[in-house]
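Presented below is the structure to which this report refers.
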Amino acid sequence: MATLAMPARATAAATVELTVLMPCLNEAETIETCVRKARRFLERAGVVGEVLVADNGSTDGSQALAEANGARVVQIGERGYGAALMGGVRAARGRYVIMGDADDSYDFERLDPLLERLRQGFELVMGNRFKGGIKPGAMPFLHRWLGNPVLSLLGRLFFNIPIGDFHCGLRGFSRESLLALNLHCPGMEFASEMVVKSAVNGLRIAEAPTTLSPDGRSRAPHLKTWRDGWRHLRFLLLHSPKWLFLIPGAALIAFGLLGMVVLAPGPLALAPHLVLDVRTLVVACFALVTGTQLMVFSALGRRYAMNEGFMPPANTFRPLLAALTLERMLLGAGLVLALGCAGTAWAIGAWAASDFGPLISGGLTRLLLVSLTAVAVALEVGASAFLASMFTLRR
């Protein structure tokens, strides 16, 4: 049923070096052109390789057209871009895999830069369409000037990934290295998952310029701008608790502590008509409670991802995470809770001495605010300590 992209005698005599992988879902208009271009590259470059089409349930005869032009076709039952690609990677025979869409938007006859970098030892090589050129009409306006630049910027910021085109569909990788990443996203966010997990697991990453042309299909593309854009953004945020929770939380805690230290003794006059008083202290207390919650979420998210194998242990915070045992966190939370309860009890006692009348004393109000904030923070930390320990129960 399936044929390699070069004569059987050649492949029998040598190990397959490269698989050119194309995910396919009803690409009858372009699949023949893509397969022929990939075969011509293998022949021109003298590469022992194959063209592999991972079909995701085509009903337009794409499979037969691909096979007739010399590709090997594998059927992938699970639907989705990521599912088709991972099924293709598992079925690939090459040491290296270069993947690209089967819509004739990428030139499969010009794969030399990607293969060269793979041979140099890079484990993931990303195409860069902004360096290689985007032909008129090849990329929608929002994708070119908003979606790709913003998501690429976030990828570089969150994960320190040295690439300029985070979502280029033409990319090459070491098959063995990619399988070790245990990728699992079945949809379009698979493209982000591949890059993020390659970076956090320390794979060597490079990029190569590539040209993007208008695709050769008459139908609309499978990619949905806002839906798939959100799925990519969601993936980046969920895999970066540092930027989603840790940094905002740390900023709020710093603001809250500063406000409480400055305003707990009394009002602060910044100008004749600008005095920070109890209302500002309330804001500072709210910031501290919220920041603590975000910091706790960050630690819980990272620990859960590490325990489930979604992300490797964080070398920077590994000693800190290891030191934050249930007992130590409960001890710290207990001390803060005791102080908060003592301050609250004293404030209520002083209030009771005045027959629970209006809280005229600014100092009493400040003490009550600070004490109740300490109680809230202690309860948050203590409850989160138990939740973090639950993550490891089965281990």
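The values are calculated or read from the model by the stated rules, or taken from the named source; none is laboratory data. All values reported here derive from a predicted model rather than from experimental measurement. Positions of Cβ are backbone-derived with ideal geometry, glycine not excepted, and every protein chain shown enters the neighbour counts. Accessible surface is based on the protein model in full, side chains and every heavy atom, while ligands, DNA and RNA are left aside. Shrake-Rupley method; radii C 1.70, N 1.55, O 1.52, S 1.80 Å.
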Among the numbered criteria (1) among the charged types (D, E, K, R); (2) within 24 Å of Asp107 (Cβ to Cβ); (3) in a helix (DSSP H, G or I), which single criterion is violated by Asp165?
(3)
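Just for the stretch 210-221: of the residues that are surrounded by 16 or more Cβ atoms within 10 Å (Cβ to Cβ) and under 21 Å from Leu151 (Cβ atoms), which one is modelled with the lowest pLDDT?
Asp215
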Quick one: how many residues across the stretch 346-366 are assigned to a helix (DSSP H, G or I) and open to solvent by 60 Å² or more (accessible area, probe 1.4 Å)?
4
Which residue is nearest to Thr210 (Cα to Cα), if the candidates are limited to the stretch 138-161 and must be among the small types (Gly, Ala, Ser) and within 18 Å of the chain's Cα centre (by Cα)?
Ser152
Having 2 or more residues that are open to solvent by 40 Å² or more (accessible area, probe 1.4 Å) and over 17 Å from Leu178 (Cα atoms) is the bar; report the helices (runs of 4 or more DSSP H) wholly within the stretch 49-156 that clear it.
62-68, 112-119, 129-132
Cβ contacts < 6 Å: first residue free of Cβ contacts under 8 Å to residues at least 24 places away in the same chain, restricted to the stretch 255-273; second residue of a type outside the set (Gly, Ala, Ser) and in a strand (DSSP E or B), any location; separation 6+ or different chain. Result?
Val262/Leu268; Leu268/Leu276; Ala269/Val275
Checking Gly46 against (1) in contact (Cβ under 8 Å) with a residue 12 or more places away in the chain; (2) of a type outside the set (A, V, I, L, M, F, W, C); (3) farther than 22 Å from Ala191 by Cβ, only one condition comes out false. Which one?
(1)
What's the total number of residues in the stretch 176-195 that are in a helix (DSSP H, G or I) and either within 13 Å of Gly88 (Cα to Cα) or open to solvent by 50 Å² or more (accessible area, probe 1.4 Å) (or both)?
4
At pLDDT below 90, in contact with a His (Cβ under 8 Å, 6 or more places away or on another chain) and surrounded by 13 or more Cβ atoms within 10 Å (Cβ to Cβ): does that describe Phe310?
yes
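Residues Ser58, Ser105: which one is among the polar types (S, T, N, Q), touching a residue at least 60 places away in the same chain (Cβ under 8 Å) and farther than 20 Å from Val196 by Cα?
Selected residue: Ser105, the only one of Ser58, Ser105 that is among the polar types (S, T, N, Q), touching a residue at least 60 places away in the same chain (Cβ under 8 Å) and farther than 20 Å from Val196 by Cα.
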Across the stretch 193-205, what is the number of residues that are touching a His at 6+ places or on another chain (Cβ under 9 Å) and modelled with pLDDT of 85 or more?
4
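Could you grab me the full set of residues in the stretch 25-48 that are outside any helix (DSSP H, G or I) and either at pLDDT 95 or above or more than 31 Å from the chain's Cα centre (by Cα) (or both)? Steps first, please.
In the first step, residues of the stretch 25-48 are kept if they are outside any helix (DSSP H, G or I); the result is 25-30, 46-48.
Within the stretch 25-48, Ala28, Glu29, Thr30, Gly46, Val47, Val48 meet the criteria.
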What number of residues within the stretch 248-272 satisfy the criterion of being under 22 Å from the mean Cα position of the chain (by Cα) and either exposed (fewer than 15 other Cβ atoms within 10 Å of the Cβ) or not aliphatic (A, V, I, L, M) (or both)?
2
Just for the stretch 264-303: of the residues that are in a helix (DSSP H, G or I) and in contact with an Asp or Glu (Cβ under 7 Å, 6 or more places away or on another chain), which one is farthest from Ala374 (Cα to Cα)?
Val296
